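The values are calculated or read from the model by the stated rules, or taken from the named source; none is laboratory data. Owing to the predicted nature of the structure, the values given are computational and were not obtained by experimental measurement. Methodologically, a virtual Cβ is constructed for each residue, glycine included, from the backbone with ideal geometry; neighbour enumeration extends over all protein chains shown. Surface areas here come from the heavy atoms of the whole protein model, side chains and all, with no ligands, DNA or RNA. Shrake-Rupley method; radii C 1.70, N 1.55, O 1.52, S 1.80 Å.
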There are 6 protein chains.
Amino acid sequence: MLVEFGRTRVLCAASVTEGVPRWRKGSGLGWVSAEYAMLPRSTNTRSDRESVKGRIGGRTHEISRLIGRSLRAVVDYKALGENTILLDCDVLQADGGTRTAAITGAYVALADAVSYLRDRKALKGEPLTGSVSAVSVGIIDGAPMLDLCYEEDVRAETDMNLVLTGDGKFIEVQGTAEGAPFDRAELDALLSLGTAGCEELTKLQLEALA
Amino acid sequence: MLVEFGRTRVLCAASVTEGVPRWRKGSGLGWVSAEYAMLPRSTNTRSDRESVKGRIGGRTHEISRLIGRSLRAVVDYKALGENTILLDCDVLQADGGTRTAAITGAYVALADAVSYLRDRKALKGEPLTGSVSAVSVGIIDGAPMLDLCYEEDVRAETDMNLVLTGDGKFIEVQGTAEGAPFDRAELDALLSLGTAGCEELTKLQLEALA
Amino acid sequence: MLVEFGRTRVLCAASVTEGVPRWRKGSGLGWVSAEYAMLPRSTNTRSDRESVKGRIGGRTHEISRLIGRSLRAVVDYKALGENTILLDCDVLQADGGTRTAAITGAYVALADAVSYLRDRKALKGEPLTGSVSAVSVGIIDGAPMLDLCYEEDVRAETDMNLVLTGDGKFIEVQGTAEGAPFDRAELDALLSLGTAGCEELTKLQLEALA
Amino acid sequence: MLVEFGRTRVLCAASVTEGVPRWRKGSGLGWVSAEYAMLPRSTNTRSDRESVKGRIGGRTHEISRLIGRSLRAVVDYKALGENTILLDCDVLQADGGTRTAAITGAYVALADAVSYLRDRKALKGEPLTGSVSAVSVGIIDGAPMLDLCYEEDVRAETDMNLVLTGDGKFIEVQGTAEGAPFDRAELDALLSLGTAGCEELTKLQLEALA
Amino acid sequence: MLVEFGRTRVLCAASVTEGVPRWRKGSGLGWVSAEYAMLPRSTNTRSDRESVKGRIGGRTHEISRLIGRSLRAVVDYKALGENTILLDCDVLQADGGTRTAAITGAYVALADAVSYLRDRKALKGEPLTGSVSAVSVGIIDGAPMLDLCYEEDVRAETDMNLVLTGDGKFIEVQGTAEGAPFDRAELDALLSLGTAGCEELTKLQLEALA
Amino acid sequence: MLVEFGRTRVLCAASVTEGVPRWRKGSGLGWVSAEYAMLPRSTNTRSDRESVKGRIGGRTHEISRLIGRSLRAVVDYKALGENTILLDCDVLQADGGTRTAAITGAYVALADAVSYLRDRKALKGEPLTGSVSAVSVGIIDGAPMLDLCYEEDVRAETDMNLVLTGDGKFIEVQGTAEGAPFDRAELDALLSLGTAGCEELTKLQLEALA
C-alpha cells in the first residue's frame, strides 16, 4: 500500500513466509520485522544508494529497527504461529516524517497480511492485540506543532516521534532537543498533541482496512 | 517519470549536477551514467535488498552499465559541457523486460533533464544526437515474439535485448540462447521484429516529451 | 576516565585534534562526536567482535549517535573554534545501562578536554553551555525503578533512557514498551524519577571535575 | 591449459567436485560455472587487485557470468550427474579479446574434465552436446575485422563478441556501438565474419583435445 | 586478567564453549584460538577503530594468529576433548611489546580456563603440556636489550619476538632487521637474552596461577 | 619474471610509478611494497578467490608484508627519489616455499626495475644497498632440511623462513614449532643450513641479472 502524509509518500508491503529465523525455530512463535529504505531521488538533493556504498547507514538501521519494534508491540507471537511477516517500507518521496508514515502504513500492511493468513487458516489465534500509529511533533518558534514537513523539521527546536496503540497507550517516545533543551511543560504539551494526532490516524487506518 | 510496459513499472529519474567525475575534470566534456535497482517486493517472491547484503549483484551491475552505455551512444559530451546527468531506474513492479523498459524511460528522463539545462542556458550546444529505445524479443515455442512478460521470458528458448536509435540503427544487440542455440534465420527474424517494436516506442517517447 | 555504575564499567576517553571534518572546514565551528563499543567479554556470554564481522551493528551505531548528539546539545561550536573532540566509550563490563553510563562519563571526559584546550589558549570562548548526565529508568512488576541492572532490564515492561542537562532540562527522551504499552501516568512517573536521578549524577560529575 | 590469441594469454583450469551447490542438491543434475580474473600486471598499466579493493568489479562479474552461461549451453546436466565443474580463467597477459579467448580455452578445459570423469565412470551419459568457441569482431575505419587486439579494440566503432557452437549456431551475440550506431548491413557482415572465425577455432579445439 | 609490562596493559580473557568449529566436529579434538585488538586510545595518538573501517588490518590479523599458534604449541587436543577456548587480548594501553605481553597473559588465562574445565570434569586428560611466555628483545645503539618500550622499539635496529616454553625450548622466533641487517653473533646474543627473560616470566606466571 | 623452485612457480613483476603514496609526499624519499596472491588452482585442491570472498585472508596479508619488508631492507629511499616500485608476486603453482620463492624472485624484478630507472636517469643515486634471497628450512624426522616441498612442509616439526642479504646477514628470521618445540642446538643447525642455501641463491640471482 502507498501511504501519503502531505508530500511524503511511502510504499509499504508485507511479505509472508512460512517458518521463522533460525534462532527461533521450534519455539512455536512467529516473527515480525521491517526494512526501511529511501529511493535516491526521494529527497530534493539526490542521496547515494546504500547498496552502492556497500553498507547501510546508521539512520536506516535505526529506523528499520524502530518500525519492527513498534509493530511487534501489538503482535501475539503464539497466535501468529511459526510464520514470519517482513515489512518493506520504501520512501518514494520524502518531505519530513518518513519514519512515522512508514510505521502507520506498515501497520495496515501487517493487518492485511494477517487477514491473508487468517483466510488460509494458517493462524493459531488472533495475532494482533491492537493497532499502531505514529506521528512526529515538534516545537517551532516556541509552539508545539503536529506532522512536521521537511522545512519545519529543520527549523524545529525539538523533534519528537510518538508511536501509540489504537487505545492511546505509548509504545515508543523519542524526543530530541535539536536546538535548546526542552522543559517538562513543553514535553507535556508535545505528548498531548501527539496523542490526539494518533487518534486521528487510527480512524484512517480502520477506514483503509474496512 | 513512471514507465509502464504491461505489468512492469519502472520509476526513472534524472539528477543533474554541475561538474563531472574527477577523472574527467577540465576536459570540457560532460558525463551520463545510470543506476538500476529493484525494490524487494517488485517481484512475486521477495528478493533480498542489495544494501542489506552489502554488495551489488552481478545482474544489477550489468544492467546499470547497459543503461548508461545505451544512453551515452546518443550524447555529444562537448555540447553537454561539464555537467553530469545521473539516471536512477528503480523497478517498482517487475514482469519481464525491466531493463528495456528502464532504457526507454531513462531516455525520456534524460531528454527532460537536457531541456532543463537548455532552459537555464547551461549547455554549449545540443547534447542529444538522437533518441534511444529498447525492446526484448524472444523465441517461444519456435515463434519470434515481442515484449516478453516474466512467464514468457522463463519459457523463451532465446532471449534478446535490442537497443536502437530513433532512426533505426543498433546501439546494442544482446542475444542469449537460454535453451537450444539459435541459427542465423532465427536471429534475423528477431532483429526485424525488434526493429519494428522500437519504431513504435520512438513514437510514444515523442508524445511523452511533447 | 573509568565510569562505574553498579557492575557496569565504561572507559571514556576524549581525543582532541586541531581542525574539523572536511564538510565543516572554514566555517570557524568545532565538532564533537562519539564512538561506542563493547569488548567481546564485557557481557556474560562472549559476543563476536564487530571488527571481525566487518560491520558495525545497528545497536552500536545507534548508541554512538546518541552519545554524540547528547553531548553536542551543550556545546557552543563557535567558542570551540575549529577543533574536534572525539569521545571513545569502551564498555569493559556490562550490567545494564551502558549507554547512559557512557554519556555521563563522556561528559566528564569532554569537560576535561575543554579544560586542556582552555589551558593551551586554543578556545575562542567557553564552549560548554551546561552539563549532561543520563539515566535509565523502567517499570518492573508495575513499579518505576532507577538504574536497571541487566537482569532488571530484561524483566522491565518499559525501558526508558533520559538525557538531561545539569539544570534539569531534557536533551533526549527514549522510552520503549518492551512488554505492555504504557499509559501517560506511568510515563509521568518515569520522567520524574529520572529527573531526580540525573540531579544526583550532576553532583557526582562536579565532584569528579573539581 | 594456456590459451594464446595473439599476445593475449589466458590460463584456463577446470576443477571437478562431487556434489552441486545447495540449491541444486537432490535434483540429479550437475552444474558448471566460471570465474574470470586478470592478474594486476596483465595489462600495460597495472590495475589494482580486486581482492585488495574488497569487491569484484562489474566487468569481472559480467565476464564470469558470460563464460559460465556460454559453456552451460552445451551441457546436458542429467548426463553430468550431481558433479560440479568450475572453470577458472586467469588472464596472464591481455591484448584484447580476453573474454572470447577465455571461453574458447575454457571449453577445452571443460572437455578435459569431462574425459576425466568419464574415465572414472562418474557420468550418467555424455554431458557435452556440442563444442563452444568465441571470437571478437569489430568495425574499424568502416571495415569489419576479426580478433581485435587492444589497440584495435580501442579504435573500433563497433565491438561484437560472438559465441557459437561447433555446428555454427549462436549461443550469445553481444554487440555494442562504441562510436556511431551501426546499421543492419554492418551487423550482417560482422555476424558472417565471426561465424567463419569460430569455424577455425573449432578445428583448433579438436586438435588440442585429440 | 590484566597483564602489565612497564606501561603496557593488556586485558586477557578466556571464553570456554562446548563444541568445536565445524571443520573439526566429530574428531574428538579440542581447539584454541585468539583474538587481539587495541582500543583506539591505547596509543598516544588515537588510531581508528577497525570495526569502523570495516576490516581488520594486517597487523591485527598477524598478531591474533601468532598468539593462537603460540598457545596451541602446548595444548594436547585429545586431552582437551571437543571444547573450544577462545582468548581475547585487548590492549588498554600500549607502550611496546603488546604482542609478547598478550601471549604471556593469555597463557595464564588459558591455564585458568583449563582449571575451570578440570573442576567441572569436562576434560579427558591434562591438556597443557607446558607453559608459554614471550619477550621482545632488540639491538639499540649496538647493545642487545630486553623488553623494549615504544620509544626504544622505534629506535631499535633489530626487533625480535621470542616465544618459549617454560622449560626453555623455542616455539616461535621472529626477528626483523628494522635498520641494518644483523649478523650471526648479534642473533646469538639476542636469543640468549630472550631465553633468560622468559625464565623470569615463567616464574611470575606460576605465582599468578598459584 | 617466472621463478621456479622445484614444482613451485611464482610470477614476479615490478611496476614503477613516479611519485609516492600520499603520506610520503614531499619527503624526497621513494617507496617499495609488494602484493602476494595465489591463483585458485595453484594448489592441489582449489582454494576460493579472495576477490570473491571480498576480503584478503590473514596469510596473504602476512606474506605481502613480509616480502615488502624484506626488500625494503636493502633499499636506500633517498637514492630512489620519489618513485614507487610495487612488486606483484602471483603463485601459479604451489608446492611449498611460495613465500621464499616470491622474495627471491621479487628481488630480481626489483633490480630490473632499478636498472630501468637508472637507464632513464630517474634516480638520485644507487638505491640498492645489497641483494636479498630467502629459503625455507625445517626439521623432518629429526634432521634439518633445506627447501621443503609441500609434503615435507606438512610433515616438518619445525618450519623456518630465513631472509638474508647477499653478504650473509639476516633480514628476517621466522621459525615456528609446528610439532614439538625446538631447542637451541636445532635452531643453530637450521640457521647454518639456511645461510648456506641463501649463498647459492645469491649466485643464481646474479646470473639471472647478468
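Can we say C:S64 is hydroxyl-bearing (S, T, Y) and touching a Phe, Trp or Tyr at 6+ places or on another chain (Cβ under 6 Å)?
For C:S64, the condition - hydroxyl-bearing (S, T, Y) and touching a Phe, Trp or Tyr at 6+ places or on another chain (Cβ under 6 Å) - is met.
Restricting attention to the range C:52-88, report how many residues are outside any loop (DSSP other than H, G, I, E, B), under 30 Å from E:T84 (Cα atoms) and not charged (D, E, K, R).
3
Can you confirm whether A:G168 is touching a Gly at 6+ places or on another chain (Cβ under 7 Å), within 27 Å of A:V32 (Cα to Cα), among the small types (G, A, S) and open to solvent by 20 Å² or more (accessible area, probe 1.4 Å)?
For A:G168, the condition - touching a Gly at 6+ places or on another chain (Cβ under 7 Å), within 27 Å of A:V32 (Cα to Cα), among the small types (G, A, S) and open to solvent by 20 Å² or more (accessible area, probe 1.4 Å) - is not met.
Just to be sure before I move on: is F:F170 touching a residue at least 12 places away in the same chain (Cβ under 8 Å) and of a type in the set (F, W, Y) in the structure I sent?
So F:F170 does not fit the description; no.
Among the numbered criteria (1) touching a Phe, Trp or Tyr at 6+ places or on another chain (Cβ under 6 Å); (2) surrounded by fewer than 23 Cβ atoms within 10 Å (Cβ to Cβ), which one does A:E207 miss?
The failed condition is (1).
Is it the case, given these coordinates, that C:S136 is in contact with a Gly (Cβ under 7 Å, 6 or more places away or on another chain), at pLDDT 90 or above and of a type outside the set (A, V, I, L, M, F, W, C)?
Spelling it out, C:S136 is indeed in contact with a Gly (Cβ under 7 Å, 6 or more places away or on another chain), at pLDDT 90 or above and of a type outside the set (A, V, I, L, M, F, W, C).
Tell me yes or no: at least one residue of the range D:45-62 is of a type in the set (A, V, I, L, M) and in contact (Cβ under 8 Å) with a residue 40 or more places away in the chain. Lay out the reasoning, then the answer.
First, the residues of the range D:45-62 that are of a type in the set (A, V, I, L, M): D:52, D:56.
Narrowing further to those that are in contact (Cβ under 8 Å) with a residue 40 or more places away in the chain: none.
No: zero hits.
Looking at (1) more than 18 Å from D:A134 (Cβ to Cβ); (2) open to solvent by 20 Å² or more (accessible area, probe 1.4 Å); (3) within 14 Å of chain B (Cβ to nearest Cβ), which is the only condition D:R72 fails?
Evaluating D:R72 over (1) more than 18 Å from D:A134 (Cβ to Cβ); (2) open to solvent by 20 Å² or more (accessible area, probe 1.4 Å); (3) within 14 Å of chain B (Cβ to nearest Cβ) leaves (1) as the failure.
Given the criterion in contact with a strand residue (DSSP E or B) (Cβ under 9 Å, 6 or more places away or on another chain), within 10 Å of another protein chain (Cβ to nearest Cβ) and under 26 Å from B:S70 (Cβ atoms), identify the matching residue among D:E152, D:E157, D:E172. Working first, answer last.
Details: D:E152 fails: within 10 Å of another protein chain (Cβ to nearest Cβ); D:E157 fails: within 10 Å of another protein chain (Cβ to nearest Cβ).
Sole residue among the options that is in contact with a strand residue (DSSP E or B) (Cβ under 9 Å, 6 or more places away or on another chain), within 10 Å of another protein chain (Cβ to nearest Cβ) and under 26 Å from B:S70 (Cβ atoms): D:E172.
Look at the range D:1-29 and say how many of its residues are of a type outside the set (G, A, S) and either at the interface with another protein chain (Cβ under 9 Å from one of its Cβ atoms) or over 25 Å from D:L204 (Cα atoms) (or both). Steps first, answer last, please.
Initial filter on the range D:1-29 (of a type outside the set (G, A, S)): D:1-5, D:7-12, D:16-18, D:20-25, D:29.
When the remaining residues are screened for being either at the interface with another protein chain (Cβ under 9 Å from one of its Cβ atoms) or over 25 Å from D:L204 (Cα atoms) (or both), the result is D:11, D:17-18, D:20-25, D:29.
Qualifying residue count, the range D:1-29: 10.
Taking the options A:S131, A:S115, name whichever one is surrounded by fewer than 24 Cβ atoms within 10 Å (Cβ to Cβ), within 14 Å of chain C (Cβ to nearest Cβ), out of contact with any Asp or Glu (no Cβ under 6 Å at 6 or more places or on another chain) and polar (S, T, N, Q).
Going through A:S131, A:S115 in turn, just one is surrounded by fewer than 24 Cβ atoms within 10 Å (Cβ to Cβ), within 14 Å of chain C (Cβ to nearest Cβ), out of contact with any Asp or Glu (no Cβ under 6 Å at 6 or more places or on another chain) and polar (S, T, N, Q): A:S131.
Which ones in the range A:1-12 are open to solvent by 30 Å² or more (accessible area, probe 1.4 Å) and either in contact with a helix residue (DSSP H, G or I) (Cβ under 6 Å, 6 or more places away or on another chain) or outside any loop (DSSP other than H, G, I, E, B) (or both)?
Correct list: A:M1, A:L2, A:E4, A:F5, A:R9, A:L11.
If you scan the range A:75-89, which residues turn out to be open to solvent by 20 Å² or more (accessible area, probe 1.4 Å) and within 10 Å of the chain's Cα centre (by Cα)?
None; the set is empty.
Being within 11 Å of the chain's Cα centre (by Cα) and either closer than 27 Å to A:S47 by Cα or without any contact (Cβ under 8 Å) to a residue 40 or more places away in the chain (or both), is that true of even one residue in the range B:90-97?
Here is the first cut: in the range B:90-97, the residues within 11 Å of the chain's Cα centre (by Cα) are B:97.
Among the residues that remain, those that are also either closer than 27 Å to A:S47 by Cα or without any contact (Cβ under 8 Å) to a residue 40 or more places away in the chain (or both) are: B:97.
Yes, because at least one residue in the range B:90-97 is within 11 Å of the chain's Cα centre (by Cα) and either closer than 27 Å to A:S47 by Cα or without any contact (Cβ under 8 Å) to a residue 40 or more places away in the chain (or both).
How many of the residues in the range A:44-65 are within 12 Å of chain C (Cβ to nearest Cβ) and among the polar types (S, T, N, Q)?
Going through the range A:44-65 one residue at a time, the tally reaches 2.
Inside the range D:123-159, can you point out the residues that are under 27 Å from D:A111 (Cα atoms) and in a strand (DSSP E or B)?
Within the range D:123-159, D:L128, D:V132, D:S133, D:A134, D:V135, D:S136, D:V137, D:L146 qualify.
Among (1) crowded, with 18+ Cβ neighbours inside 10 Å; (2) over 14 Å from the mean Cα position of the chain (by Cα), there is one condition E:I63 misses while meeting the rest; what is its number?
Going through (1) crowded, with 18+ Cβ neighbours inside 10 Å; (2) over 14 Å from the mean Cα position of the chain (by Cα) one by one, E:I63 breaks only (2).
Scan B:E186, B:E126 and give me the residue that is within 14 Å of chain D (Cβ to nearest Cβ), of a type outside the set (S, T, Y) and either in contact (Cβ under 8 Å) with a residue 40 or more places away in the chain or open to solvent by 60 Å² or more (accessible area, probe 1.4 Å) (or both). Full working, then the answer.
Details: B:E126 fails: within 14 Å of chain D (Cβ to nearest Cβ).
Going through B:E186, B:E126 in turn, just one is within 14 Å of chain D (Cβ to nearest Cβ), of a type outside the set (S, T, Y) and either in contact (Cβ under 8 Å) with a residue 40 or more places away in the chain or open to solvent by 60 Å² or more (accessible area, probe 1.4 Å) (or both): B:E186.
Taking the range C:179-200 on its own, how many of its residues are touching a strand residue (DSSP E or B) at 6+ places or on another chain (Cβ under 8 Å) and among the acidic types (D, E)?
Residues that pass the stated criteria total 2.
Quick check on my filter: what residues within the range C:30-43 are under 25 Å from C:G6 (Cα atoms) and either within 14 Å of chain A (Cβ to nearest Cβ) or touching a residue at least 40 places away in the same chain (Cβ under 8 Å) (or both)?
Passing the criteria: C:A34, C:E35, C:Y36, C:A37, C:M38, C:L39, C:S42, C:T43.
Of the numbered conditions (1) among the hydroxyl-bearing types (S, T, Y); (2) modelled with pLDDT under 95; (3) part of a strand (DSSP E or B); (4) within 25 Å of A:S133 (Cβ to Cβ), A:T17 fails exactly one; give the number of that condition.
The failed condition is (4).
For D:L146, all conditions in the list (1) open to solvent by less than 40 Å² (accessible area, probe 1.4 Å); (2) touching a strand residue (DSSP E or B) at 6+ places or on another chain (Cβ under 6 Å) hold save one; what is the number of the exception?
The number of the failed condition is (1).
Every residue in the range A:91-108 that is within 14 Å of chain B (Cβ to nearest Cβ) and either open to solvent by 10 Å² or more (accessible area, probe 1.4 Å) or among the aromatic types (F, W, Y) (or both), please.
Matches in the range A:91-108: A:L92, A:Q93, A:A94.
Only residues that are in a strand (DSSP E or B) and closer than 17 Å to C:P40 by Cα: list them for the range E:25-51, please.
Scanning the range E:25-51 gives E:V32, E:S33, E:A34, E:E35, E:Y36, E:A37, E:M38.
Please go through (1) surrounded by 19 or more Cβ atoms within 10 Å (Cβ to Cβ); (2) in contact (Cβ under 8 Å) with a residue 24 or more places away in the chain for E:V16 and return the number of the only condition it doesn't satisfy.
(1)
Being among the small types (G, A, S) and under 16 Å from the mean Cα position of the chain (by Cα) is the requirement here; does F:A37 meet it?
Answer is yes for this residue.
If you scan the range E:36-50, which residues turn out to be within 13 Å of C:E50 (Cβ to Cβ) and buried (at least 22 other Cβ atoms within 10 Å of the Cβ)?
E:A37
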